[in-house]
Amino acid sequence: MAVTLTRGGARVDAAGAGPHDRFAALRRSLARNLRAHAFLIGALLCFVLFTWYPMIREIVMSFQRVHYGEAQWVGLANYRQITADPEFWAAWRSTLEFTGIALFFGFAAPFVAAIVINECRHAQGYLRVLVYLPVMLPPVAGILLFKYFMDPGYGLFNQILHALHLPTSSWLASKSTAMPSLVLVSTWGNMGSATLVYLAALQGIPGELYEAAELDGANLLQRIWHVTVPQTRLILSLMLMLQVVATMQMFTESFVLTGGGPEGSTTTVVYLLYNYAFNYDKFNTAAALGVIMLLVLGCFSALYLWLERRGREE
Amino acid sequence: MTTAAHSGATRTLVSPVRLAQPRGRLLYRLVLTLVLLVTTIAFVGPLYWMATGGFKSSQELVRTPPTLFPTHPATHAFTEAWSRLGMGGLLLNTVVYAGGALLFQLLFDVAAAYALSKLRPVLGNVILGMMLASMMIPAAALVIPQYLTVLDLPLVHWNLQDTPWVIWLPTVANAFNIFLLKRFFDSIPNELLDAAAIDGAGPLRVLWSVVLPLSRPILGVVSIFGVVAVWKDFLWPLITVPSHETLNVGVNTAATSMPENSLIAGLFLASIPTIALFLVFQRNIMAGLTAGGLKG
């Protein structure tokens, strides 16, 4: 251990020095490390308390139940209980439905918006501000606003549809249209940040690529498909991943707008978890659901990492 | 910074030659007008409806066809919204939560990133790795054990529910902040710090008078997003501070029991602070988005 670490991690061999020097070096190194850890301790404690410990606690809890204030091991009983609940499968179905529709619209919309804005030679700053504006609203304000627009009777949307002689919709009130309506609200509120990220990526594409493609006779759509998409592939896949993980945690929209209804059609997994804990008072079963969620979303993350590594090796 | 696209120096999807032709110019004008129109209606329209809705009566709000301007503008709904929502209290709570969270994040995350980047203690990389790995954890899946933890903090047995600490401290455990800050600190040359150290400055002094002044842009980004995240959060404040609600949660709690025009007025009032923040710090926010996004 007769080695001191200088700043920057370079190793300086002090083995040749005498025992006295060696002791001093060790003491210096110890003091330096203590000081460095003093800088770290605040953040480290917060991570321990609010991320790492809860993670372990959730797994432990999911195999236990509380009887008269005493935790007892119950094996897989919580998992059996949650998977036997028909609401569990319904919740996964609605979550996947939301994620699916949200990806179809919410993933395409910002990309298309970014391409269009990038082509505008005027008012680009204005458009960027507009698209991002809803992101800055308190989410509940934006969401509640849509409650009025989507009212089947006096709502603005149906009035516009009616004026255009198009069929009106029952929006949040019907089982089949409730989820797509929530996707609309959530896309409106959140697409701004993805749009701006794509816009920055588009501005990094060298213009010669488009020129070359044009000389080869590629039309507008072909240029998008063969130049724009491959050039932004990395950021596209990153955002796809982030969006899958974010949309699968959807809660606020259905809590505020539909309360999980009609007929449980918008009860997402996180909503069910909330219900189990705070309405049915079954924290341990909720923890089991949390662990299942961690595993499913963990698979998505792992799949993404694997895809990204494979993409980089090619 | 983005004006390069306007100048025609950078070539984009559509060629500048095409645009210079009369037909191209006409088509461009047409598309531009359409884009401006659609975007304005889609993104400002709802906000306009919200801003004017508070000046209408509840009957006028649900009238078909809807009115574009309030027929008899009245401010009554705004005063009612302010008092019935307890807007002053909600606003104060949210400012206290966001301000404290910002303070703690700057204090602890900057110190941690500095230690990991420049002081490099033993096990530093292991700690950094574990912090970054937590970015993969979906936040909502951990809500239950986190909630039980703040009800009875391990070892000291404090109940943090309904205190600002329950909002402040968990925001410090933000791996993305530490990642951004560390990456920025890594780009500051060590020679600069060594020079200060030779002059007798300790690590704290070096951080304060060398590193921080250089890091203003990244500190701005971390601060703005720190404040906005607390302002927008819903599930966590909903369960942890039920008697001292944030603006976001409080508006929802009161929503069902209010006349419609007052609620719309309340939504508008609740939206003003962050919209104002955005219009003032527009540039930093947009720069911050890409700083975080591009290098994942």
I'd like to verify a number: residues in the range B:186-204 that are away from chain A (no Cβ under 11 Å) and either under 30 Å from A:Leu273 (Cβ atoms) or among the small types (Gly, Ala, Ser) (or both), how many?
5
Consider only pairs whose beta carbons are under 9 Å apart and that are at least six residues apart or on different chains; among these, list those whose first residue lies in the range A:293-309 and is within 24 Å of A:Leu272 (Cβ to Cβ) and modelled with pLDDT of 80 or more and whose second residue is among the small types (Gly, Ala, Ser) and exposed (fewer than 11 other Cβ atoms within 10 Å of the Cβ).
none
Single residue of the range A:106-136 satisfying the filter (surrounded by 20 or more Cβ atoms within 10 Å (Cβ to Cβ) and among the small types (Gly, Ala, Ser)) that is nearest to B:Ser15 (Cα to Cα):
A:Ala114
Within the range B:50-97, which residues are in contact with a Pro (Cβ under 9 Å, 6 or more places away or on another chain) and of a type in the set (Ser, Thr, Tyr)?
B:Thr52, B:Ser57, B:Ser58, B:Thr94, B:Tyr97
Can you spot a residue in the range B:167-185 that is among the aliphatic types (A, V, I, L, M), surrounded by fewer than 20 Cβ atoms within 10 Å (Cβ to Cβ) and more than 7 Å from chain A (Cβ to nearest Cβ)?
no
Quick one: A:Ala84 ticks every box in (1) among the small types (Gly, Ala, Ser); (2) touching a residue at least 12 places away in the same chain (Cβ under 8 Å); (3) more than 11 Å from every other protein chain (Cβ to nearest Cβ) bar one, so which box is it?
(2)
When you check B:Thr75 against the structure, is it at pLDDT 85 or above and of a type in the set (S, T, N, Q), yes or no?
no
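I'd like to know if the range B:7-26 contains one or more residues that are over 30 Å from A:Cys120 (Cα atoms), buried (at least 17 other Cβ atoms within 10 Å of the Cβ) and at the interface with another protein chain (Cβ under 9 Å from one of its Cβ atoms).
No, there is no match, as no residue in the range B:7-26 is over 30 Å from A:Cys120 (Cα atoms), buried (at least 17 other Cβ atoms within 10 Å of the Cβ) and at the interface with another protein chain (Cβ under 9 Å from one of its Cβ atoms).
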A:Leu182: touching a residue at least 40 places away in the same chain (Cβ under 8 Å), touching a helix residue (DSSP H, G or I) at 6+ places or on another chain (Cβ under 8 Å) and closer than 30 Å to B:Val31 by Cβ, yes or no?
no
Kindly establish whether B:Tyr147 is of a type outside the set (S, T, N, Q), under 19 Å from B:Trp236 (Cα atoms) and surrounded by 16 or more Cβ atoms within 10 Å (Cβ to Cβ).
yes
Of the numbered conditions (1) assigned by TED's automatic domain parsing to the domain that holds A:Leu196; (2) in contact with a helix residue (DSSP H, G or I) (Cβ under 6 Å, 6 or more places away or on another chain); (3) over 22 Å from A:Met179 (Cβ atoms), A:Pro139 fails exactly one; give the number of that condition.
(3)
When A:Glu253 is evaluated against the numbered criteria (1) of a type in the set (D, E, K, R); (2) farther than 29 Å from A:Trp171 by Cβ; (3) crowded, with 21+ Cβ neighbours inside 10 Å, which criterion, by number, is the only one it fails?
(2)
Taking the residues in the range A:26-56 that are touching a residue at least 12 places away in the same chain (Cβ under 8 Å) and not aliphatic (A, V, I, L, M) as candidates, determine which candidate is surrounded by the fewest Cβ atoms within 10 Å (Cβ to Cβ).
A:Arg28
Log entry, pairs with first residue in the range B:161-178 being more than 14 Å from B:Ile239 (Cα to Cα), second being crowded, with 16+ Cβ neighbours inside 10 Å and small (Gly, Ala, Ser), beta carbons closer than 6 Å, six or more apart or on different chains, reads B:Trp168/B:Gly100; B:Trp168/B:Ala101; B:Thr171/B:Ala101; B:Val172/A:Ala43; B:Ala175/B:Ser134; B:Ile178/B:Ala112; B:Ile178/B:Ala113
Among the residues of the range B:104-144, count how many are buried (at least 18 other Cβ atoms within 10 Å of the Cβ), over 26 Å from the mean Cα position of the chain (by Cα) and more than 9 Å from chain A (Cβ to nearest Cβ).
0
Test A:Thr252 against the criterion of being of a type in the set (Ser, Thr, Tyr) and within 30 Å of B:Val17 (Cα to Cα), and give yes or no.
no
Sort out which residues of the range B:18-59 are charged (D, E, K, R), outside any loop (DSSP other than H, G, I, E, B) and touching a residue at least 40 places away in the same chain (Cβ under 8 Å), and write them in order of number.
none
Which condition from (1) at pLDDT 85 or above; (2) surrounded by fewer than 16 Cβ atoms within 10 Å (Cβ to Cβ) is the one that A:Gly204 breaks?
(1)
Please verify whether the range A:3-17 includes one or more residues that are surrounded by 15 or more Cβ atoms within 10 Å (Cβ to Cβ) and at pLDDT 85 or above.
no
What about A:Ser193, is it farther than 30 Å from B:Gly24 by Cα and more than 7 Å from chain B (Cβ to nearest Cβ)?
no
Yes or no: the range A:204-220 includes at least one residue that is of a type in the set (Val, Ile, Thr) and either assigned to a loop (DSSP other than H, G, I, E, B) or free of Cβ contacts under 8 Å to residues at least 40 places away in the same chain (or both).
yes
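Given the residues A:Ala90, A:Ala71, which is the only one that is aliphatic (A, V, I, L, M) and either free of Cβ contacts under 8 Å to residues at least 40 places away in the same chain or loosely packed, with under 15 Cβ neighbours inside 10 Å (or both)?
A:Ala71
Just one of A:Val227, A:Val291, A:Val256, A:Val244 is of a type outside the set (Asp, Glu), more than 30 Å from A:Ser62 (Cβ to Cβ), part of a helix (DSSP H, G or I) and out of contact with any Lys or Arg (no Cβ under 7 Å at 6 or more places or on another chain); which is it? Spell out how you get there, then give the answer.
On the way: A:Val291 fails: more than 30 Å from A:Ser62 (Cβ to Cβ); A:Val256 fails: more than 30 Å from A:Ser62 (Cβ to Cβ); A:Val244 fails: more than 30 Å from A:Ser62 (Cβ to Cβ).
After applying the criteria, what remains is A:Val227.
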Yes/no for A:Ser186 being touching a Leu at 6+ places or on another chain (Cβ under 8 Å), among the hydroxyl-bearing types (Ser, Thr, Tyr) and either modelled with pLDDT of 85 or more or closer than 21 Å to A:Leu137 by Cβ (or both)
no
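The values are calculated or read from the model by the stated rules, or taken from the named source; none is laboratory data. Quantities reported herein were computed from a predicted structural model and do not represent experimental measurements. We place every Cβ from the backbone using ideal geometry, glycine too, and count neighbours over all the protein chains shown.
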